[in-house]
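A short worksheet on the structure shown next.
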Amino acid sequence: MAIQYPSNEEVKQLLQESKRIAVVGLSANPERTSYMVSEAMQKAGYEIIPVNPTADEVLGVKAVKSLKEIEGDIDIVNVFRRSEFLPEVARETIEVGAKSFWAQLGLENEEAYDMLTEKGIQTVMNRCIKVEHAKWK
């Protein structure tokens, strides 16, 4: 199935209703986009959970190796991994029962999209969460 993009209203509602964001591929390097975007979201009041097997801590928060290590609900899985890795992250998103999946600007994968939407997981692809949040705050 072709990727269908959520409406602006759906994105706004998702961001307003969400509190916890697991960031897959969050770099500990402040020069990286994943760090800058996640820092902005953290400053906006979201709880950021770094998911990076090579980092101990990012943005003052202990990093986990995978989504499976996160205790409690995950509102958004925000992904900063190349498009070919999205199906793998989508499978893990489904396994942990996250409420939504967000692939950052420039990232999309039809296989991942199909997997997620078949399970009823709200899916956003090829959009920057920081930019979208700035529109609605």
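The values are calculated or read from the model by the stated rules, or taken from the named source; none is laboratory data. Everything numeric in this text was worked out from a predicted model, so none of it was measured. Virtual Cβ from ideal backbone geometry, glycine too; neighbours counted across all protein chains shown. We work out accessible area using only protein heavy atoms, side chains counted, and drop any ligands, DNA or RNA first. Shrake-Rupley method; radii C 1.70, N 1.55, O 1.52, S 1.80 Å.
So that you can scan it fast, the table gives a plain yes or no per residue for (1) outside any loop (DSSP other than H, G, I, E, B); (2) within 14 Å of the chain's Cα centre (by Cα); (3) not aliphatic (A, V, I, L, M):
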position: Q4; (1), (2), (3): no, no, yes
position: E9; (1), (2), (3): yes, no, yes
position: Q16; (1), (2), (3): yes, no, yes
position: S27; (1), (2), (3): no, yes, yes
position: E31; (1), (2), (3): no, no, yes
position: P50; (1), (2), (3): yes, yes, yes
position: T54; (1), (2), (3): no, no, yes
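Annotation note: of M36, M41, the sole residue that is open to solvent by 60 Å² or more (accessible area, probe 1.4 Å) and modelled with pLDDT of 95 or more is M36. Say we look at segment 1-32 and pick out the residues that are without any contact (Cβ under 8 Å) to a residue 60 or more places away in the chain and hydroxyl-bearing (S, T, Y); which of these is surrounded by the fewest Cβ atoms within 10 Å (Cβ to Cβ)? Taking the candidates together, the pick is S7.
Write out, first by first residue and then by second, each pair whose Cβ atoms fall under 7 Å of each other, whose residues are 6+ apart or on separate chains, and whose first residue, in segment 44-58, is of a type in the set (D, E, K, R) while the second is not in a strand (DSSP E or B). Close Cβ pairs (under 7 Å, with a partner that is not in a strand (DSSP E or B)) amount to E47/K19; D56/A63; E57/A63. If a residue has to be farther than 11 Å from M125 by Cβ, part of a loop (DSSP other than H, G, I, E, B) and not small (G, A, S) to count, how many in segment 56-110 make the cut? Residues in segment 56-110 being farther than 11 Å from M125 by Cβ, part of a loop (DSSP other than H, G, I, E, B) and not small (G, A, S): 12 in total. V51 passes every criterion in (1) of a type in the set (V, I, T); (2) in contact with a Gly (Cβ under 9 Å, 6 or more places away or on another chain); (3) open to solvent by 30 Å² or more (accessible area, probe 1.4 Å) apart from (3).
Here is a check on your reading of the model: is D73 open to solvent by 20 Å² or more (accessible area, probe 1.4 Å), under 13 Å from A22 (Cα atoms), touching a residue at least 12 places away in the same chain (Cβ under 8 Å) and out of contact with any helix residue (DSSP H, G or I) (no Cβ under 7 Å at 6 or more places or on another chain)? Against the criterion (open to solvent by 20 Å² or more (accessible area, probe 1.4 Å), under 13 Å from A22 (Cα atoms), touching a residue at least 12 places away in the same chain (Cβ under 8 Å) and out of contact with any helix residue (DSSP H, G or I) (no Cβ under 7 Å at 6 or more places or on another chain)), D73 qualifies.
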